[in-house]
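Engineer: Pasting a structure here, questions to come.
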Amino acid sequence: MKIGLLGGTFDPVHNGHLIIAEEVKAHLNLDEIIFVPAGQPWLKTDRPISPAEHRLEMLRLALAGKPEYKISRAEIERAGPSYSVDTVAELRQKLGESAEIYFILGWDSLATLPRWHDAPRLMRLCMLVAVPRPGYPRPALKPMEKRVPGVTRRVIFMNSPCVDISATDVRERVKRRLPISHLVPEPVERYIKEHGLYLS
């Protein structure tokens, strides 16, 4: 079985996340993609994130009717900071050694890999699928090899999609009462309005 993992705060989930999932799934012929909303993302401690129940419900709404997409509560239910390596290890234990796990991340995140918690172990547990982000160059892997052994052999670079949508932009537009219908699925837009998210 070939499984993709797409982590993030999903605050909120937007069309960019869905486009990336669809493209990677098709390109690598994955059986399913598991979306993993972060609990306490240790690299994003500079801003408050919305309560988990809101982020989970928006994900549920966005993925409704797509059985090949699943949601994992692993990081939300795990106490303390969210480390990707723990999530992948937990999934590996559940799925068994025969499963192929593909961890999806942006070129911007890949560039910070040497700072990740136990990145060398992550390399042993899964392949990384690096998706372009507008404004970020393709990271050079050779300089990382010393700090993250195996990285040059464990990364699959995607050249598309290059999606210029960010959750930060969505939140900012909501705050300024600008339309977001082109950026998020319609049920997610409705949920944001109903619950008054991102207005303050």
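Laboratory data are not the source of any read-out in this text; all were calculated from the coordinates shown. Predicted model, so just to flag it, every value in this text is computed and none were measured. In this analysis, Cβ positions are derived from the backbone assuming ideal geometry, glycine residues included, and neighbour counts consider all displayed protein chains.
Engineer: For D164, D11, D118, what ranking results if the residue with the fewest other Cβ atoms within 10 Å of its Cβ goes first?
Structural biologist: Neighbour counts put them in this order, fewest first: D164, D118, D11.
Engineer: With +1 assigned to the C-beta of every Lys and Arg and -1 to the C-beta of every Asp and Glu, and no other charges, what is the dipole magnitude of the chain about the Cα centre in debye, to the nearest 20?
Structural biologist: 500 debye
Engineer: Classify segment 33-107: rounded, prolate or oblate, from the alpha-carbon gyration tensor (a ≥ b ≥ c, eigenvalue square roots; a/c under 1.5 rounded; otherwise prolate if a/b is larger than b/c)?
Structural biologist: Oblate, since a/c reaches 1.5 and b/c is not below a/b.
Engineer: So for segment 2-166, taking the charge dipole from beta-carbon charges (+1 Lys/Arg, -1 Asp/Glu), which of A74, L125, Y102 sits furthest toward the positive end?
Structural biologist: Sorting the options by dipole projection puts first L125.
Engineer: Can you tell me the convex hull volume per residue for segment 2-166, based on C-alpha atoms, in Å³ to the nearest whole number?
Structural biologist: 114 Å³
Engineer: Just tell me, in residue order, which DSSP H segments of the chain are both 15 angstrom or longer along the helix axis (alpha-carbon based) and at least 0.0 in mean Kyte-Doolittle hydropathy.
Structural biologist: Result, helices passing both filters: 15-28, 52-63.
Engineer: Also, I was wondering about something else. Along each of the three principal axes of the Cα atoms of segment 99-152, give the extent in whole Å, ordering the values from largest to smallest.
Structural biologist: 31, 26, 18
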